[in-house]
Amino acid sequence: MAEYSPKEIEKKWQAKWEEEKIFEAADFSKKSKFFVLDMFPYPSGEGLHVGHPRGYIGTDVIAHYMRMKGHNVLHPMGWDAFGLPAENYAIKTGVHPAVSTEKNIKRFKEQMKLIGLSYDWSREINTTDPDYYKWTQWIFLLLFERGLAYQETLPINWCPSCKTGLANEEVVAGKCERCGAEVTKKNIKQWVLKITDYAEALLEGLNELDWPEKIKEMQRNWIGKSEGAEIQFPISNSQFSIKVFTTRPDTIFGATFMVLAPEHELVEKIVTPEQSSQVEEYREKTKIKMDIERQLEDKKKTGVFTGAYAINPANRKEIPIYIADYVLPSYGYGAIMAVPAHDERDFAFAKKYNLPIEEIELDKTAKQATKWLEKKGCAKPAINYKLRDWIFSRQRYWGEPIPLVFCPECKKRVENSKIPRPQRFASELARVAMRAGKPKSNPKSKFKIQNLEFNLGEILNPGWVALPEEELPLTLPALEKYEPTGTGEPPLAQAKDWVETICPKCGGKAIRETNTMPQWAGSCWYFLAYIMLGEQNQKAKIQKLNSKFKIQNSRLIKYWLPVDFYVGGAEHAVLHLLYSRFWTKVLSDAKMINFDEPFLKLQTIGLILAPDGQKMSKSRGNVINPDEIIEKYGADTFRIYEMFMGPFDQPIAWEPKGINGARRFLQKVWEIFEKSQISNLKSQINSNVKNPNIQKEMHRTIKKVSEDIEQMKFNTAVASMMEFVNEVQSPRSKVQSQRLEDFLKILAPFAPHISEEMWSMLGHKESIFKEKWPKYDPKIIIENEVNLVIQINGKVRGTIIVPTGLSEKEAVNLALKSEKIQKWFTPLDSKHLTGREDKKIQKTIFVKNKLINFVVE
RNA sequence: GCUGGGAUGGCGAAAUUGGCAAACGCACUGGGUUUAGGACCCAGCGGGGCAACCCUUGAGAGUUCGAAUCUCUCUCCCAGCACCA
């Protein structure tokens, strides 16, 4: 008997699959398509640990299953390779990020291949490849020309350690998502994408998606829609009035004072001379305070009176106007009507500053109150979103260059022209104001000034000129030093030759934008890139990407997209998943694609923790490397164990000894198979080895495994295969190899190598993955006998084996005859006497094929 | 504080969705095999009890012939958000 030695057979089959390209997807096919996608990784220098492949193995099982079910499956992999670690490494060592990235990718790919994942490597993508980021830049320009990108000086989240700005989504509990440093504020000119225009579309789109409720809810919270009213409060003895947003206009009679954010633009206009020094001091203090501090101060309320009063439009009462940092400039209008009787924070503030608390409310719902106020001419219904626009600039080197130049001459042209700039870009406060959340579906795209054509982005951002498509990709220049300056000036500013250029529009002197795009840019559209890479050789691939992408609603896009099944970590709930939905909607509005949601079904993965229950990390020294596990146990064992450990979407600690069970299982499979080879020979002499039990068990297992795979319940799928093997292995079973063929097919997605090996040992020439997924016969599964449970007053008192489909009458007869049951009605000995004599059956409950319950008194 | 998800043997977990709680696996115990260790095989493995039986799904109540599953109250844990007007 041959030993089971995974190392040899795994190497052999991996080579064969690659050589025969059996996992490459065909563009177009009569088969129905199925696009199953993993969130592509950032190829870090640390390589994969045993946690990463959990998702990849899960999608691999799905991919194999769907192929065998007769679908044309697209299952690609690529690299999200822009990002800080490569750049930080470059700063330390001088090695160009492209060089270290390439090395890391090679390592990742090797590790993935060791696991035997069935990716279509002919479609591999890499976001840092200029032929890839050409299109990231191209899409950025599409957003720009549609008026969805604008530049503004903003107090942005600034990570002093990474020396770069961060998006709101990248700030976690006041700390940098990447390095954990405290985030501060810095005023920097930034490119910002108007994701807020899509707030409503992003919110509504969630309803149709088959995503975990948790992720949808996180996105809903992030978008943060609230409905209410905007109300004008005139300021006494002044031309100004304060606009507030409230969800409770019905509480307006209880509004006894007003609070403005210290940053509010009206503050300097209304403050009285007596109060101005105090107010100024408070505003200065607030400026230095960061958001985090505001939060950490245990929500203690501070504020200063402005000296001014507003008039409550509901009752014409004069109420004082305060500034306080508990009112945020970035939400609503940065101003509130304070209703201390109703709102905790207002209450705390009122207590502290001795302001009146009045419990008077309108006897109306919020909606009715809005109407009532609307009639008085001081309010209108309003919707507000928490969602902020997406700060898109990074002051770093290793990212996509932003394909814009700044031309002073063109700036004059735009500013001197009479084309009006839309008001909404006038100020920050206006920027965050309420809006319907709906973009113009077809923004006017061309404006002529002095015979030069300007697009909407160029009008909105005077002086900024888009690179023409022919000049893409705008590649990153070589640098000697990657260190950020720390002043906010990006490293690219040092590349003088690169920065100084000519304006593609007017030919005048111009300078390039030196900020780069954030890490999320490349992943916003990568699912499209896999489709564009449909051809078989590398050069043709890139050409195809270059030539076909613009084709509106190309056949390829229509065939493959959207993604049918997407698997990845929940940590991307409001970053990648929101951003790529946004870009997809823009591409859809621009008629580049014919769908507006990229991922129809989403499944999240539970983290695999180190045996100590901690997150695996190099610094903790608790990393378990898949290479070592595979070296010791084989890839199939590794795959089985990863799927068997526990529910797919729940976190779980790696249990070093647990993997033994998976190995034993495959060992048994191996041995049973070899035995069956022998018994198969015997069967030619004695054909009387058919075993109906095994057949039934087989069909039942096929059913269970099929259903479980479809529900991502891999742990119970493996468990049921283990049960089958235990059954087959037990001495009372004799097995024909015929029956085992189906078993190999259902095992194959989980343990592809051993399955292929045994399949070929059975004499098959073709790969097992060319086989059809076995069907189970429901008739075979039906039992002709069932174990009928007999209960008395709901307690199990015995079971009887009865023919399937037994009627109630017969069942009752049989049950009452059973000795075990009878003793509960008739006293047998003194010990049983107590309370048991003269039992009368009050009621009988009968569930066909399941149980019979006698209710006795 | 708000939102979402949880709590079942020593551990990871199952439970056809209201019908035999603990499948499958890990660990453990006893035995076999072995020079020894490992590997492997057999048996056992929620608690109590010699047994008949009794008890057991975070706590308590309820609905029901019957509850891990449904309802209510509470406790604790995990995740996300958080001065969002």
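The values are calculated or read from the model by the stated rules, or taken from the named source; none is laboratory data. Quick caveat, the model's predicted, so the values are computed rather than measured. Glycine also receives a Cβ, built like all others from the backbone with ideal geometry; neighbour counts cover every protein chain displayed. Just so you know, the surface numbers come from the protein's heavy atoms only, side chains and all, with ligands and any DNA or RNA stripped out. Shrake-Rupley method; radii C 1.70, N 1.55, O 1.52, S 1.80 Å.
With r as the distance between the Cβ atoms of residue A:480 and residue A:28 and R0 = 45 Å, compute the FRET efficiency 1/(1 + (r/R0)^6) and round to 0.05.
0.40
Got a sec to turn the phi values of segment A:141-156 into Karplus ³J(HN,Hα) couplings, 6.51 cos²θ - 1.76 cosθ + 1.60 with θ = phi - 60°, whole Hz, x for Gly and Pro?
Couplings: 5, 5, 5, 4, 6, 8, x, 9, 10, 8, 10, 7, 7, 9, x, 9 Hz.
Would you list, by chain and number, the aspartates and glutamates whose Cα falls below 18 Å from the Cα of residue A:823, excluding same-chain residues fewer than 8 positions away?
By straight Cα distance, residue A:823 reaches A:837, A:838, A:857.
May I ask which of A:189/A:509; A:779/A:820; A:591/A:772; A:189/A:496 have a Cα-Cα span longer than 31 Å here?
A:779/A:820; A:591/A:772
In square angstrom, what is the accessible area per residue of chain A with a 1.4 angstrom probe? Mind dumping the intermediate values first?
Working: 39430 Å² over 857 residues.
Solvent-accessible surface per residue comes out at 46 Å².
Among A:493, A:315, A:554, which residue has its Cα positioned farthest towards the positive end of the charge dipole of chain A, with +1 placed on the Cβ of Lys and Arg, -1 on the Cβ of Asp and Glu, and the dipole taken about the Cα centre?
A:554
Pairing the Cα long axis of helix A:538-548 with the longest principal axis of chain A, what angle in degrees results, from 0 to 90 and rounded to the nearest 10?
Taking Cα atoms only, the helix is inclined about 50 degrees.
May I ask you to work out the translational diffusion coefficient for segment A:1-59 at 37 °C, viscosity 0.692 mPa s, via Stokes-Einstein with Rh from the Kirkwood sum over Cα pairs, reported in whole µm²/s?
217 µm²/s
With a ≥ b ≥ c taken as the square roots of the eigenvalues of the C-alpha gyration tensor of chain A, please select rounded if a/c is under 1.5 and otherwise prolate if a/b is larger than b/c or oblate if it is not?
oblate
Relative contact order for chain A: what percent, with Cα pairs under 8 Å and sequence separation of 6 or more?
15 percent
Need one word for segment A:572-665: rounded, prolate or oblate. Basis is the Cα gyration tensor (sqrt eigenvalues a ≥ b ≥ c); a/c below 1.5 gives rounded, then a/b vs b/c decides.
Prolate shape, in that a/c is at least 1.5 and a/b is the bigger ratio.
Mind ordering A:586-592, A:238-244, A:776-782 by average Cβ neighbours within 10 Å, highest first?
So the order, starting with the most tightly packed, is A:586-592, A:238-244, A:776-782.
So what is the 222 nm mean residue ellipticity for chain A from helices alone, if each DSSP H run of at least 4 adds -39500 (n - 2.57) and you divide by all residues, rounding to the nearest 500 deg cm²/dmol?
Details: 32 runs with 326 residues, N = 857.
Result for chain A: -11000 deg cm²/dmol, rounded to the nearest 500.
Report, by chain and number, residues whose modeled amide H sits under 5 Å from the one on residue A:402, excluding near sequence neighbours (fewer than 5 apart, same chain).
Answer set, sorted by chain and number: A:517.
With a 1.4 Å probe and all protein chains kept in place, how do A:364, A:509, A:69 rank by accessible area, largest first?
A:509, A:69, A:364
When the dipole is taken about the Cα centre of segment A:81-201, and only Lys, Arg (+1) and Asp, Glu (-1) are charged at their Cβ, what size is it in debye, to the nearest 20?
Numbers: 16 positive and 15 negative charges, 91 e Å.
With Lys and Arg at +1 and Asp and Glu at -1, about 440 debye.
Using a ≥ b ≥ c from the Cα gyration tensor of segment A:113-220 (square roots of the eigenvalues), is it rounded, prolate or oblate, where a/c under 1.5 gives rounded and otherwise the larger of a/b and b/c decides, a/b for prolate?
In terms of gyration-tensor shape, rounded.
Quick check: Cα centre of segment A:97-145 to Cα centre of segment A:461-526, how many Å?
After rounding, the separation between the Cα centres reads 21 Å.
Return the FRET efficiency for the residue pair residue A:667, residue A:816: r is the Cβ-Cβ distance, R0 is 45 Å, and the value is rounded to the nearest 0.05.
With a Förster radius of 45 Å, E is 0.40.
Got a number for carbon plus sulfur as a percent of chain A's accessible area, 1.4 Å probe?
Here carbon and sulfur together make up 49 percent of the probe-accessible area.
For segment A:7-16, what does the Karplus curve 6.51 cos²θ - 1.76 cosθ + 1.60, with θ = phi - 60°, yield as ³J(HN,Hα) per residue in whole Hz, taken in order and with x for Gly and Pro?
3, 5, 5, 5, 4, 4, 6, 4, 5, 5
Out of residues 5 or more away from residue A:851 or on other chains, whose amide H comes under 5 Å of its own, with H placed 1.01 Å from N in the peptide plane?
A:789
Just flag the GluC sites (Glu not before Pro) in segment A:347-420 sitting in loop per DSSP whose Cβ has no more than 11 other Cβ atoms within 10 Å. Working shown, then result.
Values: sites: A:358, A:359, A:361, A:374, A:409, A:415; in loops: A:358, A:359, A:361.
Filter output for segment A:347-420: A:359.
Treating only the Cβ atoms of Lys and Arg (+1) and Asp and Glu (-1) as charged, compute the dipole magnitude of chain A about its Cα centre; round to the nearest 20 debye.
In total the dipole reaches around 1560 debye.
Restricting the count to DSSP beta bridges whose residues both fall in chain A, what percent are antiparallel, rounded to a multiple of 5?
Of the beta bridges lying entirely in chain A, close to 75 percent run antiparallel.
Reachable aspartates and glutamates from residue A:285, Cα under 13 Å, same-chain residues fewer than 8 places away excluded?
Those aspartates and glutamates meeting the cut-off are A:263, A:293, A:325.
Please name whichever of A:9, A:459, A:672 sits farthest to the positive end of the charge dipole of chain A, dipole taken about the Cα centre and charges placed at Cβ: Lys and Arg +1, Asp and Glu -1.
Of the listed residues, the answer is A:672.
Please give the peptides A:122-131, A:97-106, A:809-818 ranked by average Cβ packing (other Cβ atoms within 10 Å per residue), highest first, as a rough proxy for protection. Don't skip to the answer; put the middle values down first.
Working: A:122-131: 20.0, A:97-106: 18.2, A:809-818: 15.5.
Packing order, densest peptide first, comes out as A:122-131, A:97-106, A:809-818.
Residue-wise, which Karplus ³J(HN,Hα) couplings in Hz belong to segment A:211-223, taking 6.51 cos²θ - 1.76 cosθ + 1.60, θ = phi - 60°, and x for glycine or proline?
10, x, 4, 4, 5, 4, 5, 4, 5, 4, 4, 5, 5
Are any of the pairs A:657/A:696; A:601/A:703; A:214/A:380; A:31/A:713 more than 28 Å apart by Cα-Cα distance, and if so, which?
With Cα atoms farther than 28 Å apart: A:657/A:696; A:214/A:380.
Which one, A:149, A:96, A:114, is farthest towards the positive end of the dipole of segment A:75-149 when Lys and Arg carry +1 and Asp and Glu -1 on their Cβ?
With unit charges placed on the Cβ atoms, the residue in question is A:114.
Order these peptides, A:280-286, A:61-67, by their mean beta-carbon neighbour count within 10 angstrom, highest first.
Packing order, densest peptide first, comes out as A:61-67, A:280-286.
Give the long-range amide H neighbours of residue A:602: residues separated by 5 or more places, or on another chain, with amide H under 5 Å away, using H modelled in the peptide plane at 1.01 Å from N.
Residues meeting the amide H criterion: A:210, A:211, A:566.
Excluding same-chain residues fewer than 8 positions from residue A:376, which lysines have a Cα within less than 21 Å of its Cα?
Straight-distance partners of residue A:376: A:243, A:317, A:364, A:367.
Could you work out how much longer the chain between residue A:779 and residue A:239 gets when fully extended? Use 0.36 nm per residue separation minus the Cα distance between them, nm to one decimal.
186.0 nm
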